[in-house]
Amino acid sequence: FAKRSMAIAAAFGLAASLSVVVLGDESGYTTSHNQQMKMAAMEAMWETEPAPAGLTLFGFPDQEEQHTSFEVKMPYVLGLIGTRSLSEEMPGIKELVLIAEQRVRDGILAYDAVKQIRENPDDAQAQAMFKRHQEDLGYGLLLKQYVEDPRQATDEQVKLAALSTVPDVPTLFWTFRIMVGLGFFFIAFFAYAVLMAAKRVLHQKSWFMRLAFFSLPLPWIAAQAGWVVAEYGRQPW
């Protein structure tokens with residue numbers, strides 16, 4: 001009964017591990033469109049690369065210097081995951097900060113329009129202004145951490161608010177790689193288990209049984225790493 005249970009578990013584990021790859025790929029495609037800063041931070045992609053962007057396998061990102069040392073890339077892979085094409089660019093962190101800076105300025109206009117509408121609900125000009133910039137109101141509210149009234153913000157405070165949209169790059173970079181690395185470990189682990197179960201010798205591999213025992217916490221670690229990626233990559237508002 002135990003031997004049959006191990007064979008079933010191996011097959012189920014391999015199927016589940018492979019399905020996570022498919023789901024992860026789809027998640028990467030969605031993230032590259034809806035959470036561009038998170039994607040750029042996960043890859044420590046400071047500059048916008050020529051399409052298609054390469055996937056960073058290894059490196060040491062430095063957020064203060066905005067540089068990644070000893071970077072090793074796999075050409076084209078990130079562009080294919082993120083855009084499903086060979087011609088579409090994926091913006092880097094520096095470009096996204098500039099975009100965020102403009103959205104902060106537009107958010108100030110939206111904030112001002114809200115104040116005017118509260119004073120005079122029939123103010124058509126303020127309503128039109130708010131409608132034009134309402135999607136950027138959240139960016140304007142980022143200034144609240146630097147100044148009480150965003151309309152009084154200085155250029156330096158606007159730049160600081162734009163920089164606050166950048167998450168903790170080293171944390172995202174490494175936790176993402178821990179999560180992905182463990183995912184590939186699970187595939188190799190269960191593929192070997194299925195092979196040995198098919199040969200009816202799985203239970204004879206004592207070293208593999210020990211590895212299986214000590215691997216029990218790894219799925220939890222992978223899940224926690226994924227949670228960190230989700231939380232640290234969230235927009236600050």
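The values are calculated or read from the model by the stated rules, or taken from the named source; none is laboratory data. A quick note: this is a predicted structure, and the numbers were derived from the prediction, not measured. So basically every Cβ, Gly included, is an ideal-geometry build from the backbone, and we count neighbours across all protein chains shown. Areas reflect the complete protein model, heavy atoms only, side chains present, ligands, DNA and RNA absent. Shrake-Rupley method; radii C 1.70, N 1.55, O 1.52, S 1.80 Å.
Along its three principal directions, the equivalent ellipsoid of segment 1-147 from the Cα gyration tensor extends over semi-axes of 42, 23, 15 Å, largest first. The calculated FRET efficiency for the pair Val201 and Ala15, based on their C-beta separation and a Förster distance of 30 Å, comes to about 0.90. Calculated FRET efficiency, Leu211 to Ala51, Cβ-Cβ distance, R0 = 45 Å: about 0.65 to the nearest 0.05. Just how far, in whole angstrom, is segment 42-81 from segment 190-210 if you go by their alpha carbon centroids? Segment 190-210 and segment 42-81 have Cα centres separated by 37 Å. For segment 1-149, relative contact order (Cα pairs under 8 Å, six or more residues apart, normalised by length) works out to 19 percent. Got the relative contact order for segment 115-237 handy, in percent, Cα pairs under 8 Å and 6 or more residues apart? This gives 32 percent for segment 115-237.
Remark: segment 137-206 projects, on average over all directions, an area of 7.9 nm² (convex hull of Cα atoms).
The shape of segment 87-203 can be summarised by an equivalent ellipsoid whose semi-axes, obtained from the alpha carbon gyration tensor, come to 51, 17, 13 Å from longest to shortest. Of interest is the spacing of the C-alpha centroids, which for segment 91-147 and segment 150-180 amounts to 19 Å. Taking the accessible area of the chain, probe 1.4 Å, and keeping the other protein chains in place, the carbon and sulfur fraction comes to 61%.
Taking a span of 15 Å or more along the helix axis (Cα atoms) and a mean Kyte-Doolittle hydropathy of at least 0.5 as the rule, the DSSP H helices of the chain that qualify are 169-198, 218-232.
Spatially close Lys pairs in the chain, defined by Cα atoms under 30 Å apart and a spacing of eight or more places or different chains, total 17. Heavy atoms of the protein chains alone define the surface here; on that basis segment 83-237 has 60 Å² accessible area per residue at 1.4 Å probe size.
Mean-square fluctuations from a GNM of the chain, with a 10 angstrom spring cutoff on Cα atoms, peak among Ile117, Ile81, Ile108 at Ile117. Taking the helices alone, the chain has a mean residue ellipticity at 222 nm of -21000 deg cm²/dmol, built from -39,500 (n - 2.57) per DSSP H run of at least 4 residues and averaged over all its residues. For Trp207, the accessible area of its heavy atoms, probed at 1.4 Å with every protein chain present, is near 130 square angstrom.
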